[in-house]
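One structure, as structure tokens, below. Some questions next.
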Amino acid sequence: MPGPSSEPDRSVIVIGGGPNGLACAHRLARKGRKVTLLEAAESFGGGARALPELAPGLTPSLAHLCWHPDPRVVKEMALEKHGLRWAARALPTIVLSQGRALRIEGAKTTGPDAGAWALLHQRLSRYAAALEPFRRMAPPRLQARGNAWPALIRHFFGIRALGTREFRELLRLLLINVYDLAQDELSDPALQAALCFDGVLGAWAGPRSPNTLILLLDRLAGAADGPALPEGGLPAFASAMQRACAAAGVDLRSKARVARILTESDQVSGVLLESGETLPARVVISAIGPKATLLDLTGAAQFDTGLITRLRHHKARGATAKLHLALSAPPGFRGADLRSRLLLADSPDEIERAFNPVKYGETPARPVMEVLIPTAFARETGPQLLSANVQFAPSVPKAGEEAARAALLEASLNRLEEAAPGIRALITRADMLMPWDIARQYGMAGGSWHHGELSVEQMLFNRPVAALSRYATPLCGLWLTGAGTHPGGMSGAAGYNAAEALLASKPGFASGVPA
């Protein structure tokens, strides 16, 4: 009889079917790994997946725009071949401020600040483009040599290519707040508001908070001219990724919630599903968030006390609520094209005032908002879906969850009524997801979009913490990916990076499957 096979076990389990989990699973399958992708929900996509219909024909999702899908992921997964079509690329932004509607298309706008805006946008876009390559690499360990150092040095020289003056200016700007930049470079409050809003969208920060400019540069990286909208919304993007994974041979399993990551002799041995089924694997990659993975699914006893302490101190405060409205007809936003991204913000000071109450567990009386009417891109008449990111919302409400929800909903509807008189009469159904709802329904720690705040002290080498920044964990065979790892977000970059790190790893402790 033949002896046992000498072939290495090439099976991999990926936990979490969001964009990063899908990108990771696809990359590994293309490289010959036998991949099983487990998703707890009924459908794949994470924050991009379709939610239950708000009304017939109106299907919302948590995320509603693509800011910077990773080009490696889009190309390798051949998403257009799998049905992805774009309703709009480089979506214009319209700032609805004090009775006026200011249109911004990349570096182009109108008014007395048009020239200043063009110069500032072009400069920030150059800086963002110089920083963008860092998104497509695993951060190197600063205390050791490794394969990532050549790429880091190459990207650094890419920044130096900006020239001495521009390089110094980039270093000056990296750690300042976006409010100061807006005040220094612009005089139009609406343009200032647009700059500041994009610096704090999805963050636990106001425009005056330290280091918010780097968040703006991160948003501009790969999407300097504006975000994109797929036909059918973000669920269509997730569906194309799912079909690409199926074509690559990934075993896709929905409604398969993981109860426990199993270990044996300091090595991952598989996962236990809530159904009681055990799936063996010597490599498990979790895309559901670092805290949930190490503290809940694996257990703190598997790791050094210092690592667990640092991870527990990892900041994860969600400050954005999601509002969905079913409307009986298109709303009339004053002077605004509904086939645009709408910002309801009068000035940077108003954005800052909206953030102040949430620091004390309260809701703002006058929230600022990013509004999209995704159905307007498909039809001009009939029922419409309104999707809004409401800034800001408390993650731990002082008045209680339902009281805070009701207060923020009323304040949001009041703000919408100002911008689109008569919109209240069009509402057939309203639904608001608060940060704690997002945490429970999507597993995002604290309701944070990024499974942990995307702030300067939690980026690159420190994302989520220094010991986990290269996607591998100290437990042999356990890896991390997802928005909680570098570079954050739903672009698929973290998933692709993690897959590349695993494929490049050498046998041994904390770097893949031991020999």
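Kindly indicate the residue of the stretch 250-291 that is under 22 Å from Ala501 (Cα atoms) and under 23 Å from the mean Cα position of the chain (by Cα) and also surrounded by the fewest Cβ atoms within 10 Å (Cβ to Cβ) among those meeting that condition.
Filtering the stretch 250-291 for residues that are under 22 Å from Ala501 (Cα atoms) and under 23 Å from the mean Cα position of the chain (by Cα), the one surrounded by the fewest Cβ atoms within 10 Å (Cβ to Cβ) comes out as Lys291.
Of everything in the stretch 293-341 that's in a helix (DSSP H, G or I) and either small (Gly, Ala, Ser) or under 19 Å from the mean Cα position of the chain (by Cα) (or both), which residue is farthest from Ile13 (Cα to Cα)? Show your work before the answer.
Residues of the stretch 293-341 in a helix (DSSP H, G or I): 293-302, 305-312.
Applying the additional criterion that residues be either small (Gly, Ala, Ser) or under 19 Å from the mean Cα position of the chain (by Cα) (or both) yields 293, 299-301, 306.
Values: Thr293: 13, Gly299: 18, Ala300: 21, Ala301: 22, Gly306: 27 Å.
It comes out as Gly306.
Out of the stretch 337-354, which residues are touching a helix residue (DSSP H, G or I) at 6+ places or on another chain (Cβ under 8 Å), more than 14 Å from Phe392 (Cβ to Cβ) and small (Gly, Ala, Ser)?
Within the stretch 337-354, just Ser347 meets the criteria.
Can you spot a residue in the stretch 500-513 that is under 16 Å from the mean Cα position of the chain (by Cα) and at pLDDT below 90?
Step one: list which residues in the stretch 500-513 are under 16 Å from the mean Cα position of the chain (by Cα), which gives none.
No, that holds for no residue.
Identify, by number, the condition in (1) of a type outside the set (Asp, Glu); (2) free of Cβ contacts under 8 Å to residues at least 24 places away in the same chain; (3) surrounded by 21 or more Cβ atoms within 10 Å (Cβ to Cβ) that Gly32 doesn't meet.
It fails just one condition, (3).
Right, here's the next one. Of all residues in the stretch 106-160 being of a type in the set (Phe, Trp, Tyr) and either at pLDDT below 85 or out of contact with any strand residue (DSSP E or B) (no Cβ under 8 Å at 6 or more places or on another chain) (or both), which is surrounded by the fewest Cβ atoms within 10 Å (Cβ to Cβ)? Reasoning before the result, please.
At the first step, the residues of the stretch 106-160 found to be of a type in the set (Phe, Trp, Tyr) are 117, 127, 134, 149, 156-157.
Restricting the remaining residues to those that are either at pLDDT below 85 or out of contact with any strand residue (DSSP E or B) (no Cβ under 8 Å at 6 or more places or on another chain) (or both) gives 127, 134, 149, 156-157.
Working: Tyr127: 23, Phe134: 20, Trp149: 13, Phe156: 13, Phe157: 8.
Taking the candidates together, the pick is Phe157.
Of everything in the stretch 358-375, what is over 24 Å from the mean Cα position of the chain (by Cα) and within 24 Å of Ala336 (Cβ to Cβ)? Give them in sequence order.
Residues satisfying the conditions are Ala365, Arg366.
The values are calculated or read from the model by the stated rules, or taken from the named source; none is laboratory data. Just so it is clear, the structure is predicted and the values come from calculations on it, not from any experiment. Positions of Cβ are backbone-derived with ideal geometry, glycine not excepted, and every protein chain shown enters the neighbour counts.
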